[in-house]
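Structure, as structure tokens:
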Amino acid sequence: MADPVLIVPTEAPGSYAADIQTVTMTAAQVAADYNRFTMSGNDLLIILETAGAPATITINSEDDPMGRTGDLTTVALAANELAVFGPMKALGWRGATGYVTVRGSTADVEFGVVQL
């Protein structure tokens, strides 16, 4: 299995930015089984299906202090759909390594992260 691909977060430019900030999108790493990003604790996950065919994504949760988890599994994306999840807080999503793990069913799914 290949190493997971790190999704590089984009920092939100703020209300009075001089320019529009471009979000870096990363293709789903199907061979590695997942992608991941370093969580700031206030992150917006952007998901884009680029091939014109349906796909699914999974966002893995982590135990909260009460031992609860709530993975989002096989969430359906329509052809060419753009989806947003969050803002995501650290509790329940950030793993012990500081990462959040996401999966796409095909390499035609792209992920981007905006740190708010």
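The values are calculated or read from the model by the stated rules, or taken from the named source; none is laboratory data. Computed from a predicted model, the values in this text were never measured in an experiment. Neighbour counts are summed over all protein chains in view; Cβ atoms, including those assigned to glycine, are modelled from backbone coordinates with ideal geometry.
Taking the criterion of being part of a strand (DSSP E or B) and either closer than 17 Å to residue 84 by Cα or touching a residue at least 60 places away in the same chain (Cβ under 8 Å) (or both), the residues of segment 1-12 that qualify are 10, 11.
Among the residues making up segment 13-29, a single one is crowded, with 17+ Cβ neighbours inside 10 Å and more than 15 Å from residue 83 (Cα to Cα): 29. Taking the residues in segment 43-75 that are charged (D, E, K, R) and over 11 Å from the mean Cα position of the chain (by Cα) as candidates, determine which candidate is surrounded by the most Cβ atoms within 10 Å (Cβ to Cβ). Top of the filtered list is 49.
I'd like the full set of residues that are closer than 11 Å to residue 101 by Cβ and among the small types (Gly, Ala, Ser), limited to segment 57-82. Of everything in segment 57-82, just one residue is closer than 11 Å to residue 101 by Cβ and among the small types (Gly, Ala, Ser), namely 61. If the condition is being loosely packed, with under 15 Cβ neighbours inside 10 Å and of a type outside the set (S, T, N, Q), then segment 31-42 contributes 31, 32, 33, 41. If only residues of segment 64-101 that are touching a residue at least 24 places away in the same chain (Cβ under 8 Å) and acidic (Asp, Glu) are counted, the one that is farthest from residue 25 (Cα to Cα) is 64. When 69, 73 are checked against the criterion of being touching a strand residue (DSSP E or B) at 6+ places or on another chain (Cβ under 8 Å), modelled with pLDDT under 95 and of a type in the set (Ser, Thr, Tyr), 73 stands alone in meeting it. Close Cβ contacts (under 8 Å, 6 or more residues apart or on different chains) running from residues in segment 22-49 that are more than 21 Å from residue 11 (Cβ to Cβ) to residues that are part of a loop (DSSP other than H, G, I, E, B) and among the charged types (D, E, K, R) comprise 27/108; 28/108; 32/3; 49/81; 49/108.
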